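Reviewing the structure listed below.
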Amino acid sequence: MKLPVHTSPYGVLPNNVTRVMGEVLLALVPGIIALVYYFGWGVLINISIAVTTALAAEAGVLHLRHRPVRPALSDLSATVTAVLLAIALPPLTPWWMTMLGVLFAIVMVKHLYGGLGYNPFNPAMAAYVLLLVSFPVAMTQWLPPEMLNAHPLSFAQTLTAIFGGGLPDHLTWDTITSATPLDAMREQLKMNKTISEIAQNPMWGNFGARGWEWVGNWFLIGGLFLLWRKVITWHIPFAMIAGLLLASGLFWLFDPESMPFPGFHLFSGGMILGAFFIATDPVTASTTPKGRIIYGFLIGVTVFIIRTWGGYPDAVAFAVLLMNMAAPTIDYYTQPRVFGARDKDNA
Amino acid sequence: MITQNPGSWDFHGGIHRPDCKSMSAGKFLGKVPLPETLVLPLQQHIGAMAEPVVKVGEQVFKGQTIARVSEYIGAPIHAPTSGTIAAIEEHPVPHPSGLSAPCILLQVDGKDEWGELPEPLPYFDDMDPSLLRERIRWAGIVGLGGAAFPTSVKVNHGPDRPIQTLVINGAECEPYITCDDLLMREQADRVVEGIKVLLYVVDAEECLIGIEDNKPEAIAAMRKAVAESGLKDVQVIQVPTRYPMGGEKQLIKVLTGKEVPSNGIPSEIGVICINVATAAAVTDAVMAGRPLLSRLVTVTGEGVNSSGNLEVPFGVYMSHVIAHAGGYSDKAYKLILGGPMMGFTLGDDQLPVTKGSNCLLAASREEAPAPDKAHPCIRCGKCMDACPAQLLPQQLYWYARARDFDKTQEYHLFDCIECGCCSWVCPSHIPLVQYYRFAKTETWALEKEKRQAEDARRRHEARVERLERLERERKARLRQKKDALEKKTAANGANPRKAAVEAAMKRVAEKKARQSEAEKSSGESS
C-alpha cells in the first residue's frame with residue numbers, strides 16, 4: 001500500500017491571507033460609510049476607480065512576471081492597497097490622478113520590489129506622497145463636510161466632476177472646496193491667531209473639526225474590530241497614538257495658545273486611519289513586540305513634528321514611509337530573548 | 001526563594017488545537033498477536049547503531065540481547081519473543097526519508113519462551129546507583145515519549161550536576177495520542193514504582209508529575225497511586241492543555257519556573273525529565289529483570305475502524321497493528337507515525353513498530369489535507385506569537401530560504417524544537433518547519449564537510465611533514481656513513497679522493513701517450 005508523504009504539521013488553522021485582507025476591508029466599512037455621509041459620492045467613485053485599476057495592474061504585472069494571477073488577485077492585498085489610497089484622496093480627485101497613484105503603488109512600489117511581502121514601503125502611502133508632491137493643489141482641494149457644505153453635489157454631478165473636471169454652471173472649484181482642518185489650523189496659526197480665536201470658526205467641533213472627527217471615530221470602530229479579530233496587535237496603534245499625544249500634549253501644556261490641543265491632532269487628518277490600518281501593514285512594519293512599540297511611537301512623534309514644523313499639513317504618510325525605512329534596523333535590535341538564552345547570548 | 005507553586009509558570013506561545021483524543025482515550029484493544037516474522041531495526045534510538053551479536057539461523061529466546069552497543073550513547077536490542085534469526089539485512093524502517101536500514105529479522109516460533117534473565121532487584125535502595133544505571137542500560141530503555149533518547153545516559157548526569165527535581169512527563173500534548181493517558185489510568189502503580197527507582201538513581205529532592213488537564217482520569221489515578229506509595233516530595237501537577245506543553249523545556253518551565261539553557265540540557269539546571277512510559281519500563285527492568293520488548297501504541301484517526309491503544313511487541317508491521325484495530329476505513333488517506341504536529345507520514349505500512357513509535361494516525365483527507373500551495377509571507381508575525389522557543393520564525397524562514405545558514409544560526413536556528421506551531425498558524429500556509437529542518441541538515445552537512453576538509457588538510461600537512469622528516473633522516477644517515485668512511489680512510493693515513501684523482505690523471509696520460517703513438521704510426525703508413 002503506497003501512501004502520500006507530506007511534511008508535518010498536518011492541517012492548518014482555517015486562516016489565510018485572503019481572510020486577513022478581507023477582515024481589513026470589512027473593518028474599513030464603517031469609516032467608508034461615514035466618509036460617504038460627510039463628503040459625498042466621490043469617495044465611492046474613487047474607491048471603484050482605484051480597485052479596478054489595482055486589480056488590472058496586479059494581473060498585468062503578474063502576467064509579465066510569469067506568476068499565477070488568480071491566487072494573487074484573490075488574496076485581496078491589491079484591493080486593500082487601492083481602498084486605502086482611495087479614501088486618503090480628496091473626494092473630487094480627477095480619475096486619472098487616482099489611476100496614476102494606484103499604478104504607481106502596485107507596479108513600482110509593490111511589484112518592482114518583488115510583490116506581496118517584499119515591498120519595503122507601504123504602497124498606498126508611497127502613492128499618496130507621490131500625488132501630494134506632484135499635484136499639491138488638487139490634493140488639498142477637499143470638500144467641506146456635509147453640515148457645512150452649501151452646495152452638495154449629486155451623484156451625476158460628482159461623476160462629471162471626477163471624469164470630466166467640469167462643475168455645474170453656477171459653481172467654481174473655489175466655492176465648493178475648502179481646506180482640510182489641519183491646513184486651516186496651520187494657515188490661521190501662520191497669521192498669528194491664537195488657538196482660542198481660531199476655535200471660534202464654525203468648522204470646529206468637539207475634539208477636532210466637525211465631520212472629520214466623526215470619520216475618525218468610525219475608523220476607530222473598525223480598528224477595534226481588527227484588534228478583536230487579532231488581525232493586528234495593540235502595539236503599533238497604541239504606541240503611535242501615545243507618541244502623538246505625548247509630543248503634542250507636551251507642547252500644548254507649555255503653549256496652549258499656539259499649539260493645538262492633542263485631541264485635535266488625534267481626530268484630524270489621517271491619524272486614526274493611519275494608526276490602525278496603515279502603520280499596521282505587516283509587510284512594511286516592525287514585527288518584534290518591542291520593535292512594534294518603538295516603530296509606532298516614532299511614527300506618532302514624527303507626525304507631530306511634520307505637522308507642526310514641516311512643509312505639509314498632514315504627515316501620516318511621510319511619517320509611515322520614514323519609519324518603513326527604519327523597520328528592518330529596529331527589528332534587528334529588538335529581537336526577543338530566546339527561550340533559555342544565557343546572559344552572554346543576549347549581550 | 002520559590003514564590004510560585006509548581007505548575008503555575010507559563011511558556012510563551014503555543015497553540016490550542018482540538019485534541020481529538022476522545023476517539024481512543026481509555027480504550028485498550030489488547031495485545032497484538034505475534035506475526036510470523038519480526039523486523040528489528042538496529043537503530044531504534046538516538047545515538048550509535050546497535051551491533052548484532054547473533055548469527056543467521058541462531059535460536060534466540062525472549063528477552064535475549066540480540067544486538068549490543070559499544071558506544072556510550074546507544075541502547076541494545078532484545079528479542080521480543082523466541083525464534084530463529086532469519087536474516088540480518090537492510091529493510092525499510094520508519095524514517096521520514098523512507099529509506100532502508102540494517103535490521104534483524106526474527107522468525108517467530110510461537111513458543112514465546114523466555115531466555116535467561118537477570119535477577120530482579122526489589123531492594124534496589126541498598127544498591128549502588130551505578131548498578132541500577134547499568135540495569136537500565138542493559139534493558140535497552142529509551143525515551144518512550146517519541147524521542148527515543150537512551151535513558152541510561154539521561155540518568156547518568158554526573159556528580160558535578162546535582163539533581164533537584166525529577167520531572168515526569170505525562171502531559172501528552174500532541175492531539176490524538178492517548179497511550180500515556182491509558183498507561184497512567186490503568187498502570188499508575190507501575191509508573192510510580194519506576195519513579196521510586198529513578199528518584200533513587202538520580203538522587204533528586206522532589207518529583208513533579210505534569211499531566212495536562214484534559215486527562216482527569218489519569219490525574220486521579222496517578223494521585224491515588226502516589227498517595228498509596230507513601231512517597232513524599234512527589235506531586236501530581238495538573239497543567240493547562242496547550243500544545244507543546246509536553247515539550248521537555250516547556251514542561252520544565254511550567255512546573256519549576258526554570259528555563260533549560262539554550263543549547264543546553266535539563267541537568268544543567270538540576271532537572272531530569274522522563275516520560276511516564278519510560279518510568280514504567282524502568283520498573284520492569286529493575287523489579288522484574290525484564291528488558292524493553294513492547295510498548296503501548298495508539299492507533300487512531302478517521303482512517304481506522306476502531307481507534308484505541310494496543311500493546312505491540314517491537315518489530316511488528318504497522319499494517320498488522322492496524323489490521324488488529326479493525327483495519328483501514330474508507331476514509332484512510334495518510335498514515336502518520338506520531339501526532340499530527342510532529343509526526344511524519346509513512347509512504348508504506350510494511351514497516352516495523354520501534355521503541356519510539358507512540359501513535360499510528362490513519363488520517364482522513366479532512367484530518368490531514370494535502371498541503372496548500374504556499375502564499376508569500378506577509379510578515380504578520382503570527383508565527384512569532386506562537387513560537388514556544390521565542391524565536392523569530394519569519395526571519396529564520398527568510399534566511400533559510402536564502403541559504404544564509406550563518407544568519408539562521410544567528411537567529412538561533414538550533415533552539416527550534418520543530419513543534420510545528422508556526423506552520424500551523426501561518427496564514428500564508430508556508431511549511432516553515434520544513435525550511436528549518438532543511439537549514440539544520442544543511443548546516444550539519446556543511447559542518448561535516450568543514451570537518452572533513454580540516455581533517456584532510458591536517459592529514460596532508462602530516463604527510464608532508466612525515467616525508468620531509470624521512471628525507472632529513474635519510475640525509476642524516478648518509479652523512480653519518482660518509483663521515484664514518486672519511487674517518488676510516490683518514491685513520492689509514494691516505495686521502496682517498498686525492499688518490500683517486502691521481503689514478504685518473506695517470507690513466508689519462510697513458511691514454512694520450514697511446515693515442516699519439518697510434519697517430520704517428522698511421523701517418524707513416526699513408
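Under the definition of partner shielding as Cβ atoms of other protein chains within 10 Å of a residue Cβ, what is the mean value for peptide B:372-378?
On the way: counts 3, 2, 0, 9, 11, 6, 10.
So the per-residue partner count for this stretch is 6.
Check each of the trypsin sites (Lys or Arg not before Pro) in the range B:230-311 and keep only those in coil by DSSP with at most 11 other C-beta atoms within 10 angstrom; list them in order. Write down the numbers at each step before the final one.
Details: sites: B:Lys232, B:Arg242, B:Lys249, B:Lys253, B:Lys258, B:Arg295; in loops: B:Lys232, B:Arg242, B:Lys258.
Sparse-neighbourhood loop trypsin sites (Lys or Arg not before Pro): B:Lys232.
Enter the accessible area per residue of chain B (Å², integer; probe 1.4 Å; all protein chains in place).
47 Å²
Scan the range B:348-415 for GluC sites (Glu not before Pro) in coil per DSSP, keeping those whose Cβ has at most 10 other Cβ atoms within 10 Å, and list them by number. Those that pass, being in a loop and sparsely packed, are B:Glu366. Ordering B:Gln409, B:Asn156, B:Ile274 by Cα displacement along the dipole of the protein assembly as shown toward the positive end leaves B:Gln409 in first place; charges were set at the Cβ atoms of Lys, Arg (+1) and Asp, Glu (-1).
A simple rule links phi to the HN-Hα coupling: the Karplus curve 6.51 cos²θ - 1.76 cosθ + 1.60 with θ = phi - 60°, which for the range A:8-22 gives 6, x, 9, x, 10, 4, x, 9, 7, 4, 4, 5, 4, 5, x Hz, with x for Gly and Pro.
Keeping all protein chains in place, calculate the accessible area per residue for chain A (probe 1.4 angstrom), answer in Å². If you can, show how the numbers build up before the last one.
Numbers: 15170 Å² over 347 residues.
I get 44 Å² per residue for this part.
Can you tell me, using C-alpha contacts under 8 Å and at least 6 residues apart, the relative contact order of chain B as a whole percent?
Details: 1048 pairs, mean separation 85.0, N = 526.
Answer for chain B is 16 percent.
For the segment A:330-342, counting C-beta atoms of other chains within 10 Å of every residue's C-beta and taking the mean gives 6. Could you work out how far helix A:235-254 tilts from the main Cα principal axis of chain A, as a 0 to 90 degree angle to the nearest 10? That helix lies at roughly 40 degrees to the long axis. Entry note, the range A:16-177: relative contact order of 27 percent, from Cα contacts under 8 Å with a spacing of 6+ residues.
Counted without the sites themselves, the longest stretch of chain A free of trypsin sites (Lys or Arg not before Pro) in a DSSP loop having at most 14 other beta carbon atoms within 10 Å is A:66-228.
Applying both filters, DSSP loop and at most 14 other Cβ atoms within 10 Å, to the GluC sites (Glu not before Pro) of the range B:203-244 gives B:Glu205. Chain B contacts chain A over a buried accessible area of about 4500 Å², both sides summed; the probe is 1.4 Å and only protein chains count.
Its relative contact order, with pairs defined as Cα atoms under 8 Å and 6+ residues apart, puts chain A at 18 percent. Relative to the Cα centre, the charge distribution of the range A:16-177, modelled as +1 at Lys and Arg Cβ and -1 at Asp and Glu Cβ, gives a dipole magnitude of about 580 debye. Here B:Asp128 sits with roughly 80 square angstrom of accessible surface, probe radius 1.4 Å. Think of each Lys and Arg Cβ as +1 and each Asp and Glu Cβ as -1; about the Cα centre, that makes the dipole of chain B roughly 3440 debye. For the range A:240-347, the dipole from Cβ point charges (+1 on Lys and Arg, -1 on Asp and Glu) about the Cα centre works out to 360 debye, to the nearest 20. Ellipticity at 222 nm from helices only: DSSP H runs of n ≥ 4 in chain B, each -39500 (n - 2.57), divided by the residue count, give -11500 deg cm²/dmol.
Distance distribution P(r), the protein assembly as shown, all Cα-Cα pairs, bin width 20 angstrom from 0: 12, 33, 24, 17, 8, 4, 2, 0 percent. Taking every residue in A:116-124 and counting other chain Cβ atoms within 10 Å of its Cβ, the average works out to 2.
Centre-to-centre, using Cα atoms only, the range B:356-396 and the range B:100-123 are separated by 40 Å. Distance from the C-alpha centroid of the range B:245-296 to that of the range A:38-115: 56 Å, rounded to the whole angstrom.
How large is log10 I(q)/I(0) at q = 0.09, 0.11 Å⁻¹ when the Debye formula is applied to the Cα atoms of the range A:16-177, each weighted equally and without solvent? Here the Debye-derived log intensity ratios amount to -0.31, -0.45. For chain A, adding -39500 (n - 2.57) for each run of n ≥ 4 DSSP H residues and dividing by the number of residues yields -18000 deg cm²/dmol at 222 nm. Here's how it looks for B:Asp348: its modeled amide H is under 5 Å from those of A:Leu3, which are all 5 or more places away or on a different chain.
With the full set of protein chains in place, find how many percent of the accessible area of chain A is carbon and sulfur; take the probe as 1.4 Å. That fraction is 68 percent. The residues of the range B:399-422 occluded by other protein chains by 40 Å² or more of accessible area, set against the chain on its own, are B:Tyr411, B:His412; surface from heavy atoms, 1.4 Å probe. When the protein assembly as shown is described by a simple charge dipole with +1 on each Lys and Arg Cβ and -1 on each Asp and Glu Cβ, the residue from B:Ala218, A:Trp142, A:Gln335 located farthest towards its positive end is A:Gln335.
Farthest towards the positive end of the charge dipole of chain B, among the residues B:Leu351, B:Ala445, B:Thr81, is the Cα of B:Ala445, using unit charges on the Cβ of Lys, Arg, Asp and Glu.
For the peptides A:196-205, B:32-41, the ranking by packing is B:32-41, A:196-205, with the highest mean count of neighbouring Cβ atoms within 10 Å listed first.
Quick one: with all protein chains in place, what share of the accessible area of chain B is carbon or sulfur, to the nearest percent (1.4 Å probe)?
Details: 12920 of 24780 Å².
In chain B, the share of accessible area belonging to carbon and sulfur is 52 percent.
The values are calculated or read from the model by the stated rules, or taken from the named source; none is laboratory data. The shown structure was predicted, so the numbers you read here are calculated from the model rather than taken from an experiment. With ideal geometry, Cβ positions are generated from the backbone for all residues, glycine too; neighbour counts draw on all protein chains shown. Only protein heavy atoms, including side chains, enter the accessible area calculation; ligands, DNA and RNA are left aside. Shrake-Rupley method; radii C 1.70, N 1.55, O 1.52, S 1.80 Å.
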